[in-house]
Amino acid sequence: MVPAHAQAPQTGGQGWYSALLSVRLPSHFRVVAGGELNAGTNYSYQQWTGGAGISYQWKHVSRLSHFINIDSDKESRLVVGAGYEYLWTEQEGAATTAEDRVVLTATPRYRPHTRWLLEDRNRVEWRWVDGDYSTRYRNRLTIERDVRVHDFRFSPYVSAEAFYDFSRGSWDEQQYAVGVAWPYRRIFMVQTYYLFQHCTCTPDDVNVFGVTLNLYVRNGL
């Protein structure tokens, strides 16, 4: 049990900072690698994540009906992928943990209108936390809209994600986010967002402000 004076607040604050490098390969494949730092802003918490994966993009959307997204995954009706992640977590009052993850994803996408994009990411994680095995399923729904003001483009979005832990037999975590993607040509895209997380952990609720830098190589669309 954590001593009372060392307990984290019931509502915590974090900053999430990440960078991803995406390289398109022939035959609709893509390799992605990157890292992320999650750092507590009002309590002692740090988590580092590094990983890589490969995905396959199936059946591209017609390019005549909407603004082309520099993220080529969003130009496909279905993307499936697999990867590996390593996480290292340090938190005051808790043991430092190391986690290995093998990840499998499937994300169908649909455009009900030229500027709207709906996606449903399904993700299964096989996890080894300090050697203890568990399996988790995550489902994230996202609604995004493309906006153009003269030559300036951006895409606001909202998302909701639920986590199911098979070892506990329960949905024990939820995340809700609102953000904006800021693309620059076909080179990179910056995502800024606010995310609210509720889970059966400490603290129970977390307010997150995050920034993600996406870099694209061989991104001819």
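Readers should treat all values here as calculations from the given coordinates under stated rules, not as data from a laboratory. Given the structure is predicted, the values throughout are model-derived calculations rather than measurements. Because the Cβ atoms are built from the backbone with ideal geometry, glycine has one as well, and the counts that use them run over all protein chains shown.
Could you give log10 I(q)/I(0) at q = 0.13, 0.18 Å⁻¹ for the chain, computed by the Debye formula over C-alpha point scatterers of equal weight, without solvent? The computed values of log10 I(q)/I(0) come out as -0.82, -1.55. For region 157-187, the list of trypsin sites (Lys or Arg not before Pro) that fall in a loop by DSSP and count at most 12 other C-beta atoms within 10 angstrom reads ARG168, ARG185.
How do HIS66, HIS150, HIS113 rank when sorted from fewest to most other Cβ atoms within 10 Å of their own Cβ? Don't jump to the answer; show the numbers that get you there.
Working: HIS66 17, HIS150 5, HIS113 11.
With the fewest neighbours first, HIS66, HIS150, HIS113 line up as HIS150, HIS113, HIS66.
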